[in-house]
Amino acid sequence: MRIVFMGTPDFAVGTLEALIEAGHDIAGVVTQPDKPKGRGKNLMAPPVKQAAIARGLAVYQPKKVRDPEFIQILRKLEPQIIVVVAFGQIIPQEILELAPFGCINVHGSLLPKYRGAAPIQWAVIDGEKESGVTIMKMDAGLDTGDMISKEIVPLEDKETGGSLFDKLAKAGARLCVQTLPSIENETAVYEKQPEESPTAYASMIDKKMGCIQWEEKAKTIEQLIRGLNPWPSAYTYLQGKTLKIWEADVLSEESGKEPGEVVRTDKTGLYIQTGDKVLCVKELQLEGKKRMEAGAFLRGYEIPEGTRLKDSKE
């Protein structure tokens, strides 16, 4: 098929590559404008742009896809279908109706669950046992279009936001390629979604979400740690410094100490009381230091029993 591809982050690259390998005609690639990154604020091209240029494809980076001038460019490309993967802008109705087969989206959840911007992280944070990808035909709503196909992906016990991201990116690429023939030959079955999603909206993730509230249950905190790994990470404050927590285990014991208090330390970890059980921190990173195993960190940094971890620098 003749395709216009719209996507921006790493999650979308695999689908673009898979469409090319499957022999589809990529008429153009639309992605977000370059953004300043790092301390030097140098402009950095989105991963999809980098992949498209490497393949010799035409790249378009409109500030707003709804601009009439850009829509005219899209019309001249004459796509049969538009494939959208984590693009980052709301697609206007005029574009949704531009191609004969419309716009399809590769969404990182089993719709209608987890509509919204961050379905992957929220699946881990909420303790889901499975996630997956859905190919849907886009409409004017937010992830509310008709579902065409799905692939289930089970979550491992120690699944992180990062590891699930990689799994769903591969599954989405594979499923998109498998689904396109049925759309083209008009054998695809379109299933309407219920008006209300069975879960809360998967809102965007921000850094403040990572601040650990030690009054929460140990399992809730452990899921937050995994869901926000690698970005933006879960954290607490130790003696006024940010302490990122990268990995932890929930223990069955209760110490009688207050939430946030250090129960003990040993060569395997840092043990902290939560709202119910003890959490053993296995990997951490103190402000200004490298990420390391807790045992190695504790050999050079003493944390006495009873030390209180806090949710602010004060």
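Tell me, yes or no, whether the stretch 246-259 has at least one residue that is under 24 Å from residue 159 (Cα atoms), in contact with a helix residue (DSSP H, G or I) (Cβ under 7 Å, 6 or more places away or on another chain), in a loop (DSSP other than H, G, I, E, B) and not polar (S, T, N, Q).
Taking every residue of the stretch 246-259 in turn, none turns out to be under 24 Å from residue 159 (Cα atoms), in contact with a helix residue (DSSP H, G or I) (Cβ under 7 Å, 6 or more places away or on another chain), in a loop (DSSP other than H, G, I, E, B) and not polar (S, T, N, Q).
For the stretch 174-199, name all the residues that are outside the structural domain of residue 126 (by TED's automatic domain parsing) and among the basic types (Lys, Arg).
If the condition is that a residue be outside the structural domain of residue 126 (by TED's automatic domain parsing) and among the basic types (Lys, Arg), then 192 is the only one that fits.
Consider residue 131 carefully, then state whether it is buried (at least 23 other Cβ atoms within 10 Å of the Cβ), of a type outside the set (A, V, I, L, M, F, W, C) and in a strand (DSSP E or B).
Criteria met by residue 131.
Go through the stretch 282-299 and count every residue that is more than 16 Å from residue 230 (Cα to Cα) and without any contact (Cβ under 8 Å) to a residue 40 or more places away in the chain.
7
Out of all the residues in the stretch 97-128, which are β-branched (Val, Ile, Thr), outside any strand (DSSP E or B) and surrounded by 23 or more Cβ atoms within 10 Å (Cβ to Cβ)?
120, 124
Quick check on my filter: what residues within the stretch 271-314 are assigned to a helix (DSSP H, G or I) and either of a type outside the set (A, V, I, L, M, F, W, C) or under 13 Å from residue 244 (Cα atoms) (or both)?
Residues of the stretch 271-314 assigned to a helix (DSSP H, G or I): 294-300.
Residues satisfying the conditions are 294, 295, 297, 299, 300.
Per-residue answers, yes or no, for (1) under 31 Å from the mean Cα position of the chain (by Cα); (2) at pLDDT below 95:
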site	(1), (2)
245	yes, no
250	yes, no
272	yes, no
275	yes, no
285	yes, no
306	no, no
313	yes, yes
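Take the residues in the stretch 148-158 that are part of a strand (DSSP E or B) and in contact with a Lys or Arg (Cβ under 8 Å, 6 or more places away or on another chain); name whichever of them is farthest from residue 129 (Cα to Cα). Steps first, answer last, please.
Restricting attention to the stretch 148-158, the residues satisfying the condition of being part of a strand (DSSP E or B) are 148-154.
Checking which are in contact with a Lys or Arg (Cβ under 8 Å, 6 or more places away or on another chain) leaves us with 148, 151, 153-154.
Details: 148: 23, 151: 14, 153: 9, 154: 6 Å.
Top of the filtered list is 148.
Scan the stretch 130-172 for residues that are out of contact with any Leu (no Cβ under 8 Å at 6 or more places or on another chain) and of a type outside the set (S, T, N, Q) and report the count.
20
Given the residues 221, 205, which is the only one that is out of contact with any Asp or Glu (no Cβ under 8 Å at 6 or more places or on another chain), assigned to a loop (DSSP other than H, G, I, E, B) and crowded, with 17+ Cβ neighbours inside 10 Å? Give the derivation first.
On the way: 221 fails: assigned to a loop (DSSP other than H, G, I, E, B).
Just one listed residue meets the conditions, 205.
Condition first: among the basic types (Lys, Arg) and crowded, with 16+ Cβ neighbours inside 10 Å. Now tell me which residues in the stretch 235-263 satisfy that.
Selection gives 244, 257.
Counting only residues that are within 23 Å of the chain's Cα centre (by Cα) and at pLDDT 95 or above, give me the strands (runs of 3 or more DSSP E) lying completely in the stretch 1-96 with at least 3 of them.
It comes to 2-7, 81-85.
Take the stretch 162-197 and flag every residue that is among the β-branched types (Val, Ile, Thr) and in a loop (DSSP other than H, G, I, E, B).
187, 189
It is to be established whether one or more residues within the stretch 82-90 are over 23 Å from residue 13 (Cα atoms) and either of a type outside the set (S, T, N, Q) or surrounded by fewer than 17 Cβ atoms within 10 Å (Cβ to Cβ) (or both). Spell out how you get there, then give the answer.
Looking only at the stretch 82-90, we keep the residues that are over 23 Å from residue 13 (Cα atoms), and these are none.
Taking every residue of the stretch 82-90 in turn, none turns out to be over 23 Å from residue 13 (Cα atoms) and either of a type outside the set (S, T, N, Q) or surrounded by fewer than 17 Cβ atoms within 10 Å (Cβ to Cβ) (or both).
The values are calculated or read from the model by the stated rules, or taken from the named source; none is laboratory data. Being a predicted model, the structure only gives us computed values, none of them experimental. Here the Cβ is made from the backbone with ideal geometry for all residues, glycine too, and neighbour counts use every protein chain on show.
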